[in-house]
Each structure stands twice: as C-alpha cells, then as structure tokens.
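Taking it in order: structure first as structure tokens, then the write-up.
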Amino acid sequence: MDSARWTRVQALFHDTADLPEAERDAFLKARCSDDPSLMAEVLSLVVEDARTGSLLDRGIGHAAHHVLGGDDEPAIPTENFGPYRIAKILGEGGMGVVYLAERSDLGSVAAIKILRDAWLSPARRERFSSEQRVLAQLNHAFIARLYDADTLADGTPWFVMEYVEGQTLTAYCDARALPISARLKLFRDVCEAVAHAHQHAIIHRDLKPSNILVRKDGTVKLLDFGISKQLETLDVSADQTQTGLRFMTPAYAAPEQVRGEPVGMRTDIYALGVVLYELVAGKLPFDLSNKTPAEAATIIVEHSPGKPSAAASAAAARPGDRVRAGGVSKAAWADLDVLCLTAMHKDPERRYRTVDALIRDVDHYLNGEPLEARPDSVRYRVSKFVRRNWRLVSGAAAALALLIALSAMYTVRLAAARNTALAESARTARIQRFTMSLFDGGNKEAGPADTLRVVTLVDRGVQQARTLDAEPAVQAELYETLGSIYQKLGNFPRADTLLRASLDERRSLFKPGSPEVTGSLSALGLLRADQAKLDESETLIREALGQARRTLPPDHPALARATFALGRVLQERGKYDDAIKVGEETVRLYSVPGGVATPELAASLSQLAVDHFNRGHYETSDSLNQLALAAYRRLYGERHPLVASTLLALGDSQTDLGHYAVAERYGRQALQILNAFYGVDHFQTAVALDVLGRALVYERKVDEGMATLSRALALRERALGPFHPQVATSRNELGNAAFQQNRFADAESLFTRNVEIYRKVYGDKHQFTATGLANLASVYMAQKQPDRAEPIFRDVIRIQTDAVGADHPNTAIARIKLGRALLRQKRYADGASETLAGYEILSKKSDPMTSFLDAARKDLAADYDSLKQPEKAARFRKELADLASKTGVVAKKP
C-alpha cells in the first residue's frame with residue numbers, strides 16, 4: 001500500500017471509530033463511493049480495533065456492555081443515579097448514551113449521560129471529565145446546565161444535565177419559515193451563550209446547529225461541550241493523537257483548526273459565521289459531501305466562500321427561502337454578506353475580535369445602523385494576491401522599483417519612517433544606559449553595591465531622570481515608570497509629583513488622545529484611586545478613555561489600560577454592576593488568540609473577580625481567581641506578590657462562606673510571600689494580616705487574631721494616614737475582635753470612627769458605609785439597646801439593597817440582625833418575617849454552620865414559640881440539633 005493510500009485509510013479510520021455502528025456504513029459509503037476496497041479496509045480496522053485489547057480491557061468492556069446494553073440499542077439501566085430514575089433512551093453517540101431521567105421527589109426531568117466503554121479509552125474519559133468541568137463553570141440562560149456527576153460501581157462516569165426538548169436551530173427556523181430578522185435574533189442569543197463561555201476562558205470548538213436546540217417557546221440552548229477547552233490549556237498541540245478532523249465538524253471548522261494550529265475565541269467566531277451563513281443563505285458555504293478529509297481540508301483552508309446573498313438568490317426558487325428572505329433589501333443583503341464573511345475570514349486577525357463585537361454588528365443590522373465591520377478593501381485583496389503569487393509579482397516589482405523610488409510622496413514617507421525608527425532606537429538605547437547606571441553603587445568602576453535597596457535605586461533613578469531635560473520624551477516615560485514604583489511602595493506624595501510631571505511633559509509634546517497622554521492620565525487616575533480621591537480619579541480616567549476611543553484603534557494597549565483603570569475606580573466607588581461590565585470588556589481587550597497568559601489579562605481577571613465577590617457572586621469570583629492564580633504562577637512563579645494577593649482574595653471568599661480554617665491557610669501562605677518580598681514592616685503586608693486576623697477571630701482564636709489585626713492597623717496608619725479606607729478595614733476587623741471579647745465600648749469607638757471614614761471617602765450610599773453602620777448597631781444590640789439598633793439596621797438594608805442587591809449575603813445578614821432587634825422588642829411577627837427572609841437568602845449562599853445562620857435558627861425558634869406556632873419552631877430546633885450531631889459543635893452567637 002502506498003503512503004498516500006495509507007494516509008487516507010488512517011484518516012477515514014479516525015473519522016469512523018467514534019461513530020455509532022448504525023451510522024458507520026452510511027458515512028463510509030459516502031466517503032468511499034469510488035473505491036469499495038477502501039471501505040472494506042477501513043471497516044476491517046474498525047472491527048479489529050473494537051475486538052482487540054488486553055485481557056483487562058476486554059473484562060471492563062464486558063462490564064460496560066451490561067450497563068449500556070447490547071450491540072443494537074442500549075438497555076435501560078435498572079439502578080438509580082442518585083435521586084434520578086432512568087425513563088427512556090434519548091440518543092446514542094460515539095462517546096456515550098443519553099437517557100431521559102425523572103426525579104420522583106421533585107417531579108422534574110433531566111438528561112443523564114453515561115460514557116461508553118469508559119475504561120477502554122483514557123482519551124474518552126478525559127473528554128467526558130472535561131465536559132463536566134466546563135459545564136460546572138457555566139451558568140447562563142442559553143447554556144444547558146450541569147446538575148450532578150458521579151460514577152457507577154464499576155467506575156463508569158455519568159452526569160446529569162438539563163433536559164432540553166426542542167429542534168436544532170436550522171430545523172426550527174426552517175419549520176417556521178422564519179424571516180431573516182427572527183433568525184438573527186435567535187443567532188444573537190447563541191452568541192450571548194458563546195460570549196459567556198469565553199468570559200470564563202472556555203471555547204466550544206464544535207459549534208454547529210445540531211449543538212444548538214430551540215425550545216417551543218423560542219429559547220435557545222447551547223449543548224455539547226465535550227471537546228471544549230480552557231484557554232489556558234490551548235498551548236498544547238491541537239493534534240496530539242493524529243485525529244485529523246475527528247474532534248471537529250469539518251463544515252464548521254476554521255482553517256487554523258483544520259491545520260492543527262492553536263485555536264482560540266476566534267475559532268468559535270468562525271463557526272458562528274458558518275452557522276449564520278447557513279441560517280440566512282439556506283446552505284453551507286462549502287459543499288464537503290463526498291470529499292476525502294484531505295480534499296475537505298484543502299477547500300476549508302484555501303477556498304473562499306461565496307457571498308450568502310448570492311447563495312440565497314440561487315436558491316430563491318424554494319418557497320421556504322422566499323419567505324425567509326422576503327423584505328430584505330439589496331443594501332441589507334450587503335450587510336449580511338459583511339457579517340458572515342467577516343466572522344468567517346480565513347485570517348483570524350481579520351475576523352471579529354470578540355463575540356461581543358459580532359453581537360454589536362448583529363444589533364446594528366437589526367436596528368438599521370451601519371456595521372462596524374467593513375468588507376475587504378482592494379488593498380487587502382491585492383496584498384493577498386501578491387503573497388500567493390510572489391514569484392510572478394516580484395519580476396514586475398523589480399521593473400517598477402525605479403519609478404517608485406522617484407515618487408516624492410513615498411520618499412517623504414520612507415524618510416519619516418526611518419527618522420521615527422532611528423529616534424525610537426536612540427530612545428531605547430538611552431533608557432538602557434539609564435537603567436544600567438542605577439546599579440553602579442555610586443562608583444562606575446565597581447559593581448552593584450552590596451547594600452543597594454529598592455528605595456535607594458528608585459531615588460537614584462529620579463535624580464538621574466531630572467538631568468534629561470534635553471530628552472523630554474524619555475524623561476516623561478521615566479517619570480511615569482518611577483512614579484508608579486513609588487505608588488507600589490506606598491510613597492504617594494513622590495508618586496504624585498512624578499506622575500503629574502510626566503503628564504505635563506507629555507501634554508506639551510503630544511496631541512490629546514495620543515497613547516502617551518492617555519497613558520499618563522490613566523496612571524495619575526489610578527494613583528488618585530489609591531489616595532481615595534475617587535471623584536478626581538474617575539474624572540482623569542474617563543478623560544483618558546474618551547480620548548483613546550476617539551483617536552486610537554480598538555485594539556490599542558492604551559485603550560485597554562484606560563478601560564482597566566475605569567473598572568478599578570468603579571470598583572472603589574461601589575458601582576459593582578457597572579464595574580463588572582467594564583471588567584468583562586477589559587478581559588476581552590486583553591485576551592489574545594490561543595489563550596496565552598499575559599500580566600494584563602491576569603490583572604483583569606483578578607479585578608473582575610473582586611467585582612463579582614463584592615456583588616456576592618462567590619462561585620464566579622473563585623473561578624476567576626483560580627484562573628488568575630494559575631496565570632500569575634505561570635508568569636512569575638510561586639513567590640510573587642500577585643500570587644499572594646490572589647490567595648488573599650480566595651481567603652476573603654472562604655471567610656464569607658464560613659470556611660475559616662481554609663481562609664486562615666490562604667492568609668498564612670500569602671503573608672509568608674509578602675514578608676519575604678516587602679519585609680515584615682511594610683504596609684503591603686497589612687492586607688494579609690487582615691485576612692489572617694479576621695479568620696482567626698472567627699475561629700475563636702481571638703487573642704492571636706487581635707494581635708495580628710493591631711499590627712495591620714499600625715502599618716496602614718503609618719503609611720496611609722488616619723482617613724484611608726484600608727485603615728478603616730483594619731479598624732473594622734479590630735472592632736469585630738473586640739466585640740467577640742465583649743469589650744463593647746472599644747468596639748463602639750472603632751466602628752463609630754469607621755463610619756466617619758467611610759462617609760468621608762465614599763458617601764452615605766456605599767456598602768462599606770453600610771457595613772460600618774451594621775457593626776455599630778450590633779454593639780447597641782449587645783448593650784441591650786435594640787430600639788437604638790433598629791433604625792440603623794433598616795438604613796443598612798436600604799443601602800445594601802441599592803448597592804449590591806436584595807439577594808446579597810450582606811443584605812441577608814442585615815435582615816437577620818434587624819429580626820433580632822425586633823425579637824428583643826417582643827415584636828415577634830415582624831421579627832420572624834425579617835429573620836426568615838435573611839435566613840432563606842443566606843442559606844443558599846453560605847455554609848450551613850455559619851454563625852449568622854445558627855443565630856437565625858435560634859431567633860426563629862424563639863419567634864415562633866412566642867407566636868404559638870410550635871411546628872415552625874420545631875423545624876429550626878431540629879436543624880440546630882441535626883447540625884450539632886453532625887459536627888459535635890454548636891455555633892455561638894455572631
């Protein structure tokens with residue numbers, strides 16, 4: 001057998017191996033219609049592959065056979081899967097079988113997926129596990145949800161997912177002869193689901209209509225993440241197991257996917273373009289039927305699709321197509337051509353940069369507005385022609401070289417480019433010489449000084465930068481860099497001087513909207529945020545962002561930096577919903593094809609995680625923080641401050657969930673890193689001391705927690721002054737510790753001061769102000785003054801509801817505390833109403849043993865006893881008893 005034929009046999013084998021037996025013959029007949037012997041060879045390999053294997057493999061296959069049934073149609077498993085009972089088979093694929101299951105206790109239905117021959121193929125097990133991990137991260141109205149997962153007694157994996165009853169996207173549209181506008185609205189919903197996955201750093205890799213179902217009510221559901229990938233894993237070779245086109249559907253596969261190159265978000269965008277093409281044109285852009293894998297790959301990689309308008313026009317004789325395309329003008333078809341062909345561009349860099357960009361153009365089309373995308377220009381098409389035909393073009397180019405050289409316009413442009421390059425080269429060399437001179441220890445003949453410290457180094461840098469008056473652009477860049485270092489070191493006055501000097505210098509050298517000016521505005525705005533001057537911070541950053549949007553291309557780094565800075569100041573102002581939207585945009589701006597981790601992307605993920613944490617979205621926050629942590633470790637190793645800060649964010653989340661020992665562990669790990677990096681007396685270690693001290697207090701290790709928190713407060717007051725929010729954070733934790741020790745006068749003093757700081761910095765409507773007020777009211781409760789605490793708790797609930805929502809854990813805790821104040825005033829009905837409302841919110845978001853939930857159970861039992869409702873009181877006493885019997889611990893009052 002020659003090598004070409006063997007390559008074809010091998011490719012067909014891999015395409016066929018995972019197909020259900022009932023589909024294999026039809027598939028091979030279509031692919032081997034011109035060569036029956038080829039079909040026989042492939043079938044023999046498939047049969048042998050299914051039959052051979054080790055003794056262990058055959059034994060497990062036999063066990064799986066009994067679970068999944070015989071050779072024809074899988075039998076219905078008789079065992080229960082958790083609370084689910086199998087009702088009927090829904091479908092069978094190469095990897096597994098999907099059943100309809102019923103849950104008798106809730107009367108609900110779900111789909112159960114069982115992996116076929118789980119232990120025979122490690123690759124299949126990994127794909128199955130990957131699908132579980134991916135679905136567990138995704139929570140979106142248009143994505144089928146994962147409910148549960150486990151294994152059978154023999155180790156066969158299964159998981160329970162949302163049962164979706166509906167038609168495929170194309171079938172739904174065609175059955176109803178939907179017009180273009182209705183199809184685009186459904187397509188837009190699909191795009192939103194894909195964008196949500198991308199925001200969680202997940203790409204689908206197999207988008208096609210059969211993976212998109214539409215329910216009778218018109219709701220779309222995206223299915224089958226079986227070959228999806230985390231972006232962080234996509235640096236692995238795309239074809240490690242010589243699968244060819246096996247792990248994709250060729251008709252919807254992007255050229256880079258077919259070539260085996262790294263894939264990313266724009267691979268999904270290509271597939272969305274194909275789906276859109278099929279929806280509006282009534283056919284696929286390429287006819288790959290009866291094509292070998294090699295032929296299909298050549299078409300996908302090298303051929304350009306026709307315009308969907310032309311394809312639709314050619315098929316207009318069909319009644320369904322006439323209905324679908326009815327009322328679409330020539331200009332509208334031109335926009336549809338641009339939409340489809342931009343998403344499907346062979347060059348990933350020429351596609352829509354994000355799914356959100358595609359969604360914006362869909363909205364523009366539906367609203368009759370101009371699209372952001374533009375068709376390929378003549379210049380672009382000519383450049384592509386030249387690259388494909390460079391040998392032919394090179395001869396003509398040589399003949400024209402003399403004429404081009406004589407062109408004055410091009411001469412001027414070349415001279416300008418040359419001068420710019422030379423200036424940039426000289427500037428780079430000057431900065432290199434400047435940097436090296438900082439390490440001479442004051443003696444050019446000696447090496448670096450043994451006692452050289454970071455602060456000494458930066459001070460010396462400032463002195464030398466002031467000598468560069470003859471090179472103002474270099475001087476301005478160095479001022480910004482050195483000012484940012486001072487900012488990180490906590491020396492805000494020196495940072496302020498240098499960053500303002502850099503901005504003034506750049507404004508005199510460059511036009512408004514230049515990367516230099518917008519960069520300086522963003523840097524100074526971020527410093528103002530650290531100084532808690534939030535009004536000025538937002539003004540500077542919005543000025544930077546406005547200039548950047550007007551003058552810079554959409555993928556310019558300065559635009560991304562200004563967007564990141566705006567998210568930061570919105571976060572500081574407590575505008576968390578707005579901050580989340582800006583944070584998601586920042587993540588998109590910093591994401592690169594292939595999912596390569598960059599410092600900017602990691603920082604964006606961290607900032608977005610904080611926004612979700614403050615909004616009470618703990619699972620989303622933890623997921624983002626884990627991505628950021630992995631990126632920081634890959635970029636900087638295990639001992640970097642950014643690794644520490646992410647560990648602390650995870651610790652904060654665990655504390656709020658009631659997992660205090662886990663939070664303590666995170667705090668100690670982070671503190672060890674920060675002490676080694678900054679020194680034990682630096683204020684940057686205070687955040688770790690706060691997280692650690694807070695966890696210790698909640699673990700009832702009050703003395704150690706108090707000492708830890710007192711150290712954090714001292715470090716912060718020394719570095720930041722008395723009226724900084726970080727100082728209030730430390731005072732708040734100290735107040736909680738004093739409260740635990742029944743030192744109510746000390747706690748009242750600390751909390752009263754905190755309310756003053758928060759109101760001065762944030763105003764009356766910020767959740768931090770509400771936190772300070774709630775803690776103060778808790779002191780009044782401990783001092784047996786519930787009538788004094790009640791109006792404060794009501795203010796807290798109002799502020800928290802406006803700031804972070806009625807379902808936020810902090811709002812729930814405030815309602816539990818208000819309920820207790822009412823109980824102490826013997827207003828039992830009102831107290832039970834408030835406490836129960838807070839309990840129901842918090843029980844869905846926190847550990848059952850959280851002290852606030854325990855307090856709520858006790859208060860509800862007392863309320864219902866007083867209201868002569870013993871059945872309700874018994875419910876909460878039983879919960880208390882059950883939890884105590886499980887843990888051996890009865891939580892104390894908060």
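The values are calculated or read from the model by the stated rules, or taken from the named source; none is laboratory data. Here the structure is a predicted model, which means the values were calculated and not measured. Cβ placement follows ideal geometry from the backbone for every residue including glycine, while neighbour counts extend to all protein chains displayed. Accessible surface areas use protein heavy atoms only, side chains included; no ligands, DNA or RNA. Shrake-Rupley method; radii C 1.70, N 1.55, O 1.52, S 1.80 Å.
At a glance:
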read-out	value
Gap separating the Cα centres of the range 752-826 and the range 179-204, nearest whole Å	41
Interchain or long-range residues, amide H under 5 Å from Ser108's placed H	Arg103
Fraction of accessible area attributable to carbon and sulfur, the range 134-222 (%, probe 1.4 Å)	46
Distance (nanometres) between label positions extended 7 Å along Cα→Cβ at Ala175 and Ala332	2.5
Apportionment of accessible area to carbon and sulfur, the range 629-750, percent (1.4 Å)	52
Residue pairs, from the table Lys208/Lys581; Lys488/Lys575; Lys817/Lys858; Lys845/Lys872; Lys826/Lys872; Lys533/Lys765, whose Cα atoms sit over 20 Å apart	Lys208/Lys581; Lys488/Lys575; Lys845/Lys872
Under 22 Å from the Cα of Lys511 - lysines, other chains or at least 8 residues apart	none
In Hz, Karplus ³J(HN,Hα) per residue of the range 138-144 (6.51, -1.76, 1.60; θ = phi - 60°; x = Gly, Pro)	9, 9, 8, 4, 9, 10, 4
Estimated dipole of the range 579-726 in Debye, rounded to 20 [Cβ of Lys and Arg +1, of Asp and Glu -1, Cα centre]	220
Gained length - Asp865 relative to Glu840, 0.36 nm times residue gap less alpha-carbon distance	7.1 nm
FRET efficiency for Arg550 and Arg215, using Cβ-Cβ distance with R0 set to 35 Å, rounded to 0.05	0.20
Summed residue charge, Cβ within 14 Å of Gly525's Cβ, Lys/Arg positive, Asp/Glu negative	-1
With all protein chains modelled, accessible area of Ser514 [1.4 Å, Å²]	20
Cα centre as origin, Lys/Arg/Asp/Glu Cβ charges: the range 764-894 dipole, Debye	340
Potential lengthening between Phe677 and Ser833 on full extension [0.36 nm per residue; Cα-Cα distance subtracted]	51.1 nm
Long-range amide H partners of Tyr147 with built H, under 5 Å	Val160, Met161, Glu162
Ordering of 159-168, 190-199, 674-683 by burial proxy (mean other Cβ atoms within 10 Å per residue, highest first)	190-199, 159-168, 674-683
Cut-off 14 Å between beta-carbons: net charge of the residues surrounding Arg550, Lys and Arg +1, Asp and Glu -1	+2
Accessible area (Å², per residue) of the range 614-705, counting only protein heavy atoms and a probe of 1.4 Å	39
Estimated vicinal HN-Hα couplings, Hz - the range 168-174 in sequence order (Karplus 6.51, -1.76, 1.60; Gly, Pro = x)	5, 3, 5, 5, 4, 5, 6
By average C-beta atoms within 10 angstrom, highest first, the peptides 689-695, 218-224, 367-373, 835-841	689-695, 835-841, 218-224, 367-373
Sites Ala310 and Asp347, calculated FRET efficiency, Cβ-Cβ separation with R0 25 Å, nearest 0.05	0.70
Other-chain or far-sequence residues with amide H under 5 Å of Leu90's (modelled H)	Val98, Tyr99, Leu100
Environment charge of Gln726, counting only residues whose C-beta is closer than 13 Å and scoring Lys/Arg +1, Asp/Glu -1	-2
Which of Thr598, Thr563, Leu627, positive extreme of dipole for the range 557-634 (C-beta unit charges)	Thr598
Farthest toward positive dipole pole in the range 766-818 [+1 Lys/Arg, -1 Asp/Glu at C-beta], among Val804, Phe793, Tyr780	Tyr780
Computed E for Ser710/Asp807 - FRET, C-beta separation, R0 30 angstrom, nearest 0.05	0.30
Ranked by how many other beta carbons lie within 10 Å on average, peptides 634-645, 534-545 from highest	534-545, 634-645
In Hz, Karplus ³J(HN,Hα) per residue of the range 809-817 (6.51, -1.76, 1.60; θ = phi - 60°; x = Gly, Pro)	x, 5, 5, 4, 5, 5, 5, 4, 5
Residue-normalised accessible area of the range 160-226, expressed per residue, 1.4 Å probe, Å²	32
Within the range 769-786, backbone nitrogen closer than 12 Å to the virtual label 7 Å beyond the Cα of Gln825 toward Cβ	785-786
Segment Asp363-Arg794, extension gain: residue separation times 0.36 nm, minus the distance between their alpha carbons	150.9 nm
